[in-house]
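Undergrad: This is the structure, below, for whatever I ask next.
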Amino acid sequence: MWVIYLKRYFQQSNHSLPGKLLRTLAGALCLNLLFGLAFYLVESPHQDGLSFIDSVWWAMVTMTTVGYGDYFPVTFIGRFFIGYPCFLLGIGLIGYLLGSFAESLINITAKKRKGLVTIHMKDHIIVCYCPSIAKVLHIITELRATPEGSSKGIIVIDDKLIETPEEFLKNDIRFVHGDPTSEEILNKASIRTANGTIILAKNPSDTSSDHNSFTIGTIVEMIEEELDHSIRTVVEVVSPRNQKMFERSSVDGLVVVEGMSDKMMVQEYCHPGIHRTFGQLLTNTRGSQFYSCETNLHDRTVIELQKAALDYQEDLQIIGIHRGSLPILNPDKQMRIEKGDRIIVLAKSKDEFNRFQHTIQ
């Protein structure tokens, strides 16, 4: 009968690992005290100096199958009605405890692999959708080649991946399964403590993907306003017709896919080899890149800054101004820098411009 009660007790345990461990340990402690008391009542009249503490110690040593042999039953009742059940229940409890622990670890590992657990992370970057593993890996390689993204954790959210790809595991990329248009799924990727999000088109060949991206961008911006915490958001836009829609959602950056390759094809036809130039400028893994930099060099003319850049010890070129939402490349040399303008520079790192403007202030 007591075996049935024990079975029911452990079957009622919480499915979580802490719940199973606590219930099992509590049951083991109760049985330890019970067997210790029974051992003391039966054996103390026959063993001089046997205390209740000694009896509890015997029960624990017996249940864990350690068997030091410092105490042992000498009576028939103590051996077969107390010691024998104590052996069996001890072995059973240890097996159950180890089995529950292993089962819970396996379940947790499986859920992590399938992206079904909440990931607690801070100052990380979330990539929404995985149109292809190769594309995501390329983006993350570029991110990790920058000072801003080199040390940040990466979480990918996608509803088509069944489990974390091996390529993600090798590159320390976490995975959450689900549709990022759901705020619940975004919260599983710790959107509220994220540094930023890169929203890829769910299907780069389908313009309706922009609606999914718009929904995600809007949710992120609403969370940003709610928390008063900046979450940088960059969106891949399939159709140029949807560009204004995204601008109204206040996302931080847009990359319009459609027409980009067409323009590059014409440039390459007219100027063979130009695509390699753009390719080198756009990658963070080698050479120099374009940077849009905040500046306090107000009222300075473009020609004044360009001359100072020529005399500067590092390789840096002033090539334009970002005024409002429009970039002005190769501006008039007498144009003056206004408050709110950003300087477009060609350099090996953004820090070079920061050092440059300190030298001419």
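The values are calculated or read from the model by the stated rules, or taken from the named source; none is laboratory data. Quantities reported herein were computed from a predicted structural model and do not represent experimental measurements. Using ideal geometry, Cβ is built from the backbone for each residue, glycine included, and neighbour counts are taken over all protein chains shown. When the accessible area is computed, the model is the full protein with side chains, heavy atoms only, and any ligands, DNA or RNA have been set aside. Shrake-Rupley method; radii C 1.70, N 1.55, O 1.52, S 1.80 Å.
Undergrad: Taking the residues in the range 53-74 that are open to solvent by 20 Å² or more (accessible area, probe 1.4 Å) and among the hydrophobic types (A, V, I, L, M, F, W, C) as candidates, determine which candidate is farthest from Cys86 (Cα to Cα).
TA: Ile53
Undergrad: Here's something else I'd like to know. With the checklist (1) surrounded by 11 or more Cβ atoms within 10 Å (Cβ to Cβ); (2) modelled with pLDDT of 85 or more; (3) within 30 Å of Met264 (Cα to Cα) in hand, flag the one item Ile337 doesn't pass.
TA: Of everything listed in (1) surrounded by 11 or more Cβ atoms within 10 Å (Cβ to Cβ); (2) modelled with pLDDT of 85 or more; (3) within 30 Å of Met264 (Cα to Cα), Ile337 misses just condition (3).
Undergrad: What pairs come out if I take residues in the range 334-357 that are over 10 Å from Tyr291 (Cβ atoms) and assigned to a strand (DSSP E or B) and pair them with residues that are open to solvent by 20 Å² or more (accessible area, probe 1.4 Å) and of a type outside the set (Ser, Thr, Tyr) whose C-beta lies under 6 Å away, six or more apart or interchain?
TA: Arg336/Asp299
Undergrad: Of everything in the range 225-265, what is closer than 25 Å to Gly279 by Cα, surrounded by 16 or more Cβ atoms within 10 Å (Cβ to Cβ) and among the hydroxyl-bearing types (Ser, Thr, Tyr)? Give them in sequence order.
TA: Matches in the range 225-265: Thr233, Ser239.
Undergrad: Looking at (1) exposed (fewer than 14 other Cβ atoms within 10 Å of the Cβ); (2) farther than 30 Å from Ile231 by Cβ, can you tell me which one Leu305 breaks?
TA: Only one criterion is unmet by Leu305, namely (1).
Undergrad: OK, next. Based on this model, can you work out whether Ser208 counts as more than 19 Å from His120 (Cα to Cα), in contact with a strand residue (DSSP E or B) (Cβ under 9 Å, 6 or more places away or on another chain) and open to solvent by less than 60 Å² (accessible area, probe 1.4 Å)?
TA: No.
Undergrad: Report, by residue number, each residue of the range 160-174 that is in contact with a helix residue (DSSP H, G or I) (Cβ under 8 Å, 6 or more places away or on another chain) and either farther than 16 Å from Asp123 by Cα or of a type in the set (D, E, K, R) (or both).
TA: Glu163, Thr164, Pro165, Glu167, Phe168, Asn171, Arg174
Undergrad: List the pairs whose first member sits in the range 57-81 and is closer than 11 Å to Gln47 by Cβ, whose second member is small (Gly, Ala, Ser) and open to solvent by less than 80 Å² (accessible area, probe 1.4 Å), and whose Cβ atoms are under 9 Å apart, counting only residues at least 6 apart or on separate chains?
TA: Hits for this filter: Trp58/Gly36; Trp58/Gly83; Tyr71/Ser55; Phe72/Gly78; Phe72/Gly83; Pro73/Gly83; Gly78/Ala38.
Undergrad: Return the only residue of Arg300, Arg355 being modelled with pLDDT of 85 or more, more than 34 Å from the chain's Cα centre (by Cα) and of a type in the set (D, E, K, R).
TA: Matching residue, one of Arg300, Arg355: Arg300.
Undergrad: Going through Gln280, Gln361, Gln313 one at a time, which residue ends up being more than 20 Å from Gly253 (Cβ to Cβ), exposed (fewer than 14 other Cβ atoms within 10 Å of the Cβ) and modelled with pLDDT of 85 or more?
TA: Just one listed residue meets the conditions, Gln313.
Undergrad: Looking only at the range 139-180, filter to residues that are among the small types (Gly, Ala, Ser) and within 27 Å of Leu281 (Cβ to Cβ); which one of those is least open to solvent (accessible area, probe 1.4 Å)?
TA: Among those residues, the one meeting the criterion is Gly149.
Undergrad: What is the one condition in (1) open to solvent by 60 Å² or more (accessible area, probe 1.4 Å); (2) modelled with pLDDT of 85 or more; (3) not aliphatic (A, V, I, L, M) that Arg23 does not satisfy?
TA: Answer for Arg23: the failing condition is (2).
Undergrad: Right, something else. Determine the pairs where a residue that is in a strand (DSSP E or B), located within the range 315-327, has a partner that is among the charged types (D, E, K, R) with Cβ atoms under 6 Å apart, the partner being 6 or more residues away or on another chain.
TA: Qualifying pairs under 6 Å: Leu316/Glu352; Ile321/Asp341; His322/Arg342; Arg323/Asp341.
Undergrad: Of the numbered conditions (1) in a loop (DSSP other than H, G, I, E, B); (2) open to solvent by 80 Å² or more (accessible area, probe 1.4 Å), His298 satisfies every one except a single condition; which is it?
TA: Tallying (1) in a loop (DSSP other than H, G, I, E, B); (2) open to solvent by 80 Å² or more (accessible area, probe 1.4 Å), His298 fails exactly one: (2).
Undergrad: Additional query: Go through (1) open to solvent by 40 Å² or more (accessible area, probe 1.4 Å); (2) touching a residue at least 12 places away in the same chain (Cβ under 8 Å); (3) part of a helix (DSSP H, G or I); (4) closer than 30 Å to Asn203 by Cα for Val136 and report which single condition fails.
TA: With respect to (1) open to solvent by 40 Å² or more (accessible area, probe 1.4 Å); (2) touching a residue at least 12 places away in the same chain (Cβ under 8 Å); (3) part of a helix (DSSP H, G or I); (4) closer than 30 Å to Asn203 by Cα, Val136 is out only on (1).
Undergrad: When the range 150-205 is examined, which residues are found to be among the basic types (Lys, Arg) and in contact (Cβ under 8 Å) with a residue 24 or more places away in the chain?
TA: Once the filter is applied, which keeps residues that are among the basic types (Lys, Arg) and in contact (Cβ under 8 Å) with a residue 24 or more places away in the chain, the range 150-205 yields Lys152, Lys160, Arg174, Lys188, Arg192, Lys202.
Undergrad: Taking Cys130 and the conditions (1) open to solvent by less than 40 Å² (accessible area, probe 1.4 Å); (2) closer than 23 Å to Val255 by Cα; (3) not in a loop (DSSP other than H, G, I, E, B), which numbered condition does it fall short on, given that it satisfies the others?
TA: (3)
Undergrad: Filter the range 346-358 down to residues that are among the polar types (S, T, N, Q) and either closer than 11 Å to Ala309 by Cα or open to solvent by 70 Å² or more (accessible area, probe 1.4 Å) (or both), then give me how many there are.
TA: Count: 1.
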